[in-house]
1. Does any residue of the stretch 97-112 turn out to be more than 23 Å from Leu49 (Cβ to Cβ) and open to solvent by 50 Å² or more (accessible area, probe 1.4 Å)?
2. Please list, ordered by residue number, the strands (runs of 3 or more DSSP E) wholly in the stretch 60-174 having 2 or more residues that are of a type outside the set (Gly, Ala, Ser) and farther than 16 Å from Leu4 by Cβ.
Amino acid sequence: MEKLKLLVSQQEIEKAIGRIAEELKRDYRDQPPLLVGVLKGAFVFMADLIRALDIPVEIEFVKLSSYGTKTKSSGKIRVVQGLRSPIRDRDVLVVEDIVDTGLTIHFLLDYLAKKKPRSLKLCALLDKPSSRQIDLAIDYKGMEIPDVFVVGYGIDYNEKFRYLPEIYYLEETS
Ligand code: IMP
C-alpha cells in the first residue's frame with residue numbers, strides 16, 4: 001500500500017513557476033526559445049510555464065525510456081520519440097519535471113547538443129541534489145527536494161497520480 005504525503009502545495013508550485021518565468025522573460029526577451037519538454041512527466045509543468053511567460057515560445061516534446069527499477073533510473077537511456085523539427089541555430093530550453101541522478105538529462109542534453117542549437121539550457125521544476133550521479137548545471141530551477149519518490153502535478157508512479165494538482169511523496173506502508 002502507498003500513502004501520499006503532501007510535499008509541495010499548489011501555491012508553492014505557482015510561486016516557483018512565477019519566479020522561473022521572470023528569469024526566462026529576462027533572458028529570452030529578444031530571442032524567443034524553443035521549449036523541449038520531456039514526456040510524460042513534464043507536460044503539466046510545461047503547460048503552466050508557457051502560460052506564465054509573455055514571450056512567443058514554440059514547443060516540442062521528446063520521450064525517453066530508461067531501463068531501471070520503478071523508482072530509479074539505470075542510466076541506460078534511449079530516445080523513444082525524438083524531435084519533429086530541426087533545432088540547428090535555435091535557442092533551446094529543455095523542460096524537465098525532476099532531475100534525480102541526472103543521467104536522463106545528461107543523455108538528452110548530449111543528444112540535443114549534437115544537433116547544433118545556438119544555445120542549450122535546462123529548466124527543471126524539482127531537483128534532488130543528494131541523488132546526483134553526474135555533475136549537471138540546472139539553469140532554471142523550481143526547488144530542491146529531499147531524496148524521496150514524488151508524484152502528482154504530471155509526475156507518476158506506474159502511471160498513477162499524475163492528475164493531482166499538488167506534489168506528494170510516497171510513503172510505503174505494509
Ligand atoms: P534521473 O535520470 O535519475 O535524473 O531521473 C529522471 C527521471 O526519472 C525523471 O524525469 C522522472 O521521470 C523520473 N523520476 C525521478 N525521480 C522521480 C520521482 O520521485 N517520482 C517520479 N519520477 C521520478
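1. yes
2. Hits in the stretch 60-174: 73-81, 91-99, 119-127, 140-144.
The values are calculated or read from the model by the stated rules, or taken from the named source; none is laboratory data. Keep in mind it's a predicted model, so treat the numbers as computed, not measured. Note: ideal-geometry Cβ built from the backbone for every residue, glycine included; neighbour counts use all protein chains shown. SASA here: full protein model, heavy atoms, side chains in, ligands and nucleic acids out. Shrake-Rupley method; radii C 1.70, N 1.55, O 1.52, S 1.80 Å.
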